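The values are calculated or read from the model by the stated rules, or taken from the named source; none is laboratory data. Since the structure is predicted, the reported quantities are computational estimates derived from the model, not experimental observations. Backbone-built Cβ (ideal geometry, glycine too); neighbour counts: all protein chains shown. Side chains are part of the model used for accessible areas, which takes the heavy atoms of the whole protein and leaves out ligands, DNA and RNA. Shrake-Rupley method; radii C 1.70, N 1.55, O 1.52, S 1.80 Å.
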Protein chains: 2
Amino acid sequence: MAALTTLSANRMFGGWHKKYQHSSATLNCEMQFSVYFPPQYQTDKDLPVLYWLSGLTCTDDNFSHKAGAQQYAARWGIILVIPDTSPRGDGVADDDGYDLGKGAGFYVNATQSPWSAHYQMYDYVVSELPEIITQHISASSKISISGHSMGGHGALTIALRNPQRFCSVSAFAPIVNPMACDWGKKALSAYLGDDQQSWRLYDSCALLEAHGLSLPCLIDQGLADDFLTSQQLTRPFDDLCKKMSLDIQVNYRADYDHSYFFIASFIEAHVRFHAKAMGINITHD
Amino acid sequence: MAALTTLSANRMFGGWHKKYQHSSATLNCEMQFSVYFPPQYQTDKDLPVLYWLSGLTCTDDNFSHKAGAQQYAARWGIILVIPDTSPRGDGVADDDGYDLGKGAGFYVNATQSPWSAHYQMYDYVVSELPEIITQHISASSKISISGHSMGGHGALTIALRNPQRFCSVSAFAPIVNPMACDWGKKALSAYLGDDQQSWRLYDSCALLEAHGLSLPCLIDQGLADDFLTSQQLTRPFDDLCKKMSLDIQVNYRADYDHSYFFIASFIEAHVRFHAKAMGINITHD
C-alpha cells in the first residue's frame with residue numbers, strides 16, 4: 001500500500017478537510033492533495049466521491065480555501081478529492097510562463113523531453129490517485145468529476161475518455177478546444193510535440209466528435225470572462241453538442257468572470273447536480 | 001467628498017464584490033477595503049451594513065476569498081464592509097514580527113513613536129471608514145460588527161465603546177484580554193506605551209467591567225485553537241459575562257481550530273444572528 005502522510009487536518013462543516021503528501025510513482029515526485037470528508041463519513045463508508053481539477057497556477061489549496069464546496073459536500077454526504085495541477089519539486093522541469101510547467105500540467109501524459117519524466121497528470125488523475133483513494137479511504141465506487149478552466153478541460157477530457165467510470169461531469173469555464181487556443185497550443189506542443197494527431201486525445205471537442213458523450217454534463221460560463229473567446233472556453237463544445245443533438249446543460253452567466261468569486265457562486269448547483277447523478281436523495285433541501 | 005477608486009468588481013451570488021482604494025486622512029496613507037453589495041442593492045438603498053474586522057497578517061482579501069459570507073449577505077440583503085488590518089505603504093513603520101506593525105494594527109489609536117504617525121485604526125474603523133461608506137453607498141443606519149481573532153478583539157472593543165452605534169456584535173476566537181496575553185502586551189506596549197491604564201480602552205474584559213454590554217453578542221470559539229489559552233481568547237470574557245449575569249451566546253466548538261475553515265463553518269450562523277438583530281425577516285429560510 002502506498003504511504004500517505006497527513007500534512008494537516010482541519011475540522012470543517014462537521015467533517016474534516018485533510019491535506020496529504022505521498023510519493024507518486026506516476027509523476028516521479030512528491031505530491032500533495034486534499035480530501036474533504038463530510039460528517040457522514042464517520043458512520044457511512046460507502047459515500048460517493050467528487051474529484052475537482054483546478055486551473056492554471058493553482059494547487060489543491062485554491063479550491064479548498066475559496067470555493068466553499070465543503071458545505072454542500074457536508075449537506076449531501078460526498079467526499080471531495082482535490083489533486084494538484086502538475087508535478088512538483090526542484091527536479092521537475094518548469095517554464096517561466098504561468099501556462100506551462102509547474103501549475104500547468106494540463107492533465108496530459110507528456111511524451112516530449114524534458115516534460116515526459118514527470119508530467120503524466122492524465123495517468124495520475126485517472127489511475128494512481130484513485131488507487132490511493134481506494135487503498136486509504138472507504139468509499140463507494142460512485143465517482144463524478146468537475147473542474148475549472150484547465151481543470152474543466154481535464155474533467156471533460158477524462159470523462160469523455162472514461163465515461164463508464166463517472167456518474168457525471170461538470171465544469172466552470174472549461175478550455176474545451178485547446179488545439180485552437182494559445183494556452184492549449186503552447187502546452188500541447190510542448191508536452192506532446194508537433195504531431196497534432198496526438199493532441200486530439202486531450203481536446204474535448206475532438207473527443208466529443210469521436211466518441212460522443214454518454215453521461216450527464218453541466219457547464220457554467222461567465223460572460224465577463226476575459227478568456228471566453230481567446231482561449232476557446234465552453235462555446236465550441238456547447239455548439240458541437242447542439243449539432244450532435246447531445247443534451248447537456250450550459251449556463252451562460254451575465255457579468256460573471258473567470259475567478260473563484262464565480263465558482264463560489266455556482267458550486268452549490270454543481271455539487272447538487274453531481275449528487276443527483278450519484279443517486280443521492282436531495283428532495284428535502 | 002473623499003475620492004474612492006474601484007480596483008476590482010466581481011459578480012458574486014447575484015451581487016457585486018468590489019475592492020476600493022482611497023487616501024485615508026486618519027491613517028495618513030493609501031488604504032484598500034472591500035464591499036459586498038447583495039443583489040437587493042440594485043433596488044433597495046436602505047440595506048443594513050455588517051463590518052468585518054480581520055485578524056493578524058490579513059488584508060481584506062482573506063475574508064473576501066475564504067469565509068463564504070457573501071452568500072448569506074445575498075440571502076438576507078446585507079452589505080458587507082471589510083477593511084484592512086493596518087495602515088500600509090513604504091512610509092509606514094513596521095516590525096519584523098507578524099504580530100506588530102503592518103497587518104497587526106490591533107484597532108487602536110497609537111500614541112507612541114514611530115507608530116502614532118499612521119496607526120490610528122480605531123478612528124479609521126469607527127469614524128473615517130463609516131463616513132466614506134455613507135458618502136458613497138446608500139445604506140440604512142443599521143450597522144453590526146464582527147471579526148476574527150485580533151479582528152474579534154476589534155469588533156468587541158469597538159462595540160463595547162460605541163454600543164449605540166451597532167445592532168449587534170459577534171466574534172470568532174476573539175482576543176478578549178490583550179492586557180494579559182503575549183500578542184496584546186507586545187502590541188499595546190508598542191502602540192500605547194507602558195502606562196497600562198491607557199490599554200484598558202482596548203481590552204474587552206476591562207471595557208466590559210467598566211461599561212457592561214448592552215447589545216446582542218455571539219462568540220464562536222474552536223476548542224482545538226492553538227491560541228485559545230495562550231492568547232486569552234474568548235474565555236475570560238465569557239467568564240466575566242457570567243459573573244456579571246450578562247446574557248451572551250458563546251459556542252465552544254470541539255475540534256475546530258483558528259483557521260478560516262472554522263470561520264467558514266459558522267459564518268452562516270453569525271450573519272443570521274446579525275440579520276435578526278438588524279430586524280431582517282428570516283423566518284422563511
- Find, among the residues of chain B, the one whose Cβ sits nearest the axis of the rotation taking B to A; state the distance in whole Å. B:Gly68, 2
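Filter A:Lys19/A:Lys276; A:Lys18/A:Lys102; A:Lys102/A:Lys186; B:Lys45/B:Lys142 down to the pairs with a C-alpha to C-alpha distance above 18 Å, please.
Working: A:Lys19/A:Lys276 27 Å; A:Lys18/A:Lys102 23 Å; A:Lys102/A:Lys186 14 Å; B:Lys45/B:Lys142 12 Å.
Distance filter (> 18 Å) returns A:Lys19/A:Lys276; A:Lys18/A:Lys102.
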- Item | Residue with peak Gaussian network fluctuation, chain A [Cα springs, cutoff 10 Å], from A:Lys19, A:Lys186, A:Lys243 | A:Lys243
- Message: Looking at the calculated P(r) for the protein assembly as shown, what percent of the C-alpha pair distances fall above 36 Å?
- Response: 39
- Note on the structure: For A:Asp255, inter-copy label-point distances (7 Å, Cα→Cβ), nm, shortest first, read 3.9
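Lys and Arg at +1, Asp and Glu at -1: add these up for the other residues within a Cβ distance under 11 Å of A:Gln249 and post the number.
Values: positive: none; negative: A:Asp220, A:Asp238, A:Asp247.
Neighbourhood net charge equals -3.
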- Task: With only alpha-carbon atoms counted, please give the Rg and Dmax of the stretch A:1-118, in Å.
- Result: 15.5, 47
- Task: Work out the mean other chain Cβ neighbour count within 10 Å for the residues of B:6-15 and drop it here as an integer.
- Result: 5
- Note on the structure: Cα-based Debye curve of the stretch B:220-285 sampled at q = 0.16, 0.19, 0.28 Å⁻¹ gives log₁₀ I(q)/I(0) of -0.67, -0.86, -1.15
- Query: Using the heavy atoms of the protein chains alone and a 1.4 angstrom probe, what is the accessible area of the stretch A:43-138 per residue in square angstrom?
  - Reply: 32
- Compare the peptides A:101-107, A:10-16 by average per-residue count of other Cβ atoms within 10 angstrom and give them in order, highest first. A:101-107, A:10-16
- Message: For chain B, I need the span (max minus min coordinate) of the C-alpha atoms along each principal axis, in Å, sorted largest to smallest.
- Response: 51, 44, 33
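Can you pull the mean other chain C-beta count within 10 Å for peptide B:250-256? Please list the in-between numbers first.
Values: counts 0, 0, 0, 2, 1, 6, 4.
Neighbouring Cβ atoms belonging to other protein chains average 2 per residue here.
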- Item | Selected from A:Cys241, A:Ala275, A:Ala264, residue furthest toward positive end of dipole (the stretch A:227-285; charges at beta carbon) | A:Cys241
- At a probe radius of 1.4 Å, figure out the B/A buried accessible area, summed over both chains, and give it in Å² to the nearest 100. 1900
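Which net charge results when you count Lys and Arg as +1 and Asp and Glu as -1 among the other residues whose beta-carbon is under 11 Å from that of A:Cys167? Write down the numbers at each step before the final one.
Working: positive: A:Lys142, A:Arg165, A:Lys276; negative: none.
Net of charged neighbours comes to +3.
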- Item | Net dipole in debye of the stretch A:103-191 [+1 Lys, Arg Cβ; -1 Asp, Glu Cβ; about Cα centre; nearest 20] | 180
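Counting Lys and Arg as +1 and Asp and Glu as -1, what is the net charge of the other residues whose Cβ lies under 12 Å from the Cβ of A:Met278?
+2
At 1.4 Å probe size, with the rest of the protein present, what percent of the exposed accessible area of the protein assembly as shown is carbon and sulfur atoms?
On the way: 9740 of 21010 Å².
C and S atoms contribute 46 percent here.
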- Highest mean first, what order results for B:250-261, A:162-173 on Cβ atoms within 10 Å? A:162-173, B:250-261
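Starting from the Cα coordinates of the stretch A:71-143, work out the convex hull volume and express it per residue in Å³.
Values: hull volume 9.0 nm³, N = 73.
Cα-based convex hull of the stretch A:71-143, divided per residue, equals 123 Å³.
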- Query: Just from the alpha-carbon atoms, what are the Rg and Dmax of the stretch A:139-285 in angstroms?
  - Reply: 15.0, 53
- So, relative contact order of the stretch B:137-216 in percent, Cα under 8 Å, 6 or more apart, is 31
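Stokes-Einstein diffusion coefficient for the stretch A:159-245 at 4 °C in a medium of 1.567 mPa s, Rh from the Kirkwood formula over Cα pairs: what value in µm²/s?
On the way: Rh = 13.5 Å.
It comes out at roughly 96 µm²/s.
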- Message: Between the stretch A:192-262 and the stretch A:145-171, what is the separation of their alpha carbon centroids in Å?
- Response: 11
- Task: Set the Förster radius R0 to 22 Å, insert the Cβ-Cβ distance between B:Ala25 and B:Arg161 as r into 1/(1 + (r/R0)^6), and round the FRET efficiency to 0.05.
- Result: 0.55
- Message: Between B:Leu223 and B:Ala254, what is the label-point separation in nm under the 7 Å Cα-to-beta-carbon projection?
- Response: 0.6
- Pseudo-label separations to other copies for B:Asp123 - Cα-to-Cβ vector, 7 Å, nm: 6.6
- Message: For A:Asn251, what residues show an amide H to amide H distance below 5 Å, using hydrogens built from the backbone and excluding near sequence neighbours?
- Response: A:Ile219, A:Asp220, A:Gln221
- Query: If the viscosity is 1.567 mPa s and the temperature 4 °C, what translational diffusion coefficient in µm²/s does Stokes-Einstein give for the stretch A:120-173 when Rh comes from Kirkwood over Cα pairs?
  - Reply: 112
- Note on the structure: Copies of B:Gly193 compared via label points 7 Å along Cα→Cβ give distances in nm, shortest first, of 7.7
- Message: Rolling a 1.4 angstrom probe over the protein chains, ignoring ligands and nucleic acids, what is the accessible area of A:Ser8 in square angstrom, nearest 10?
- Response: 40
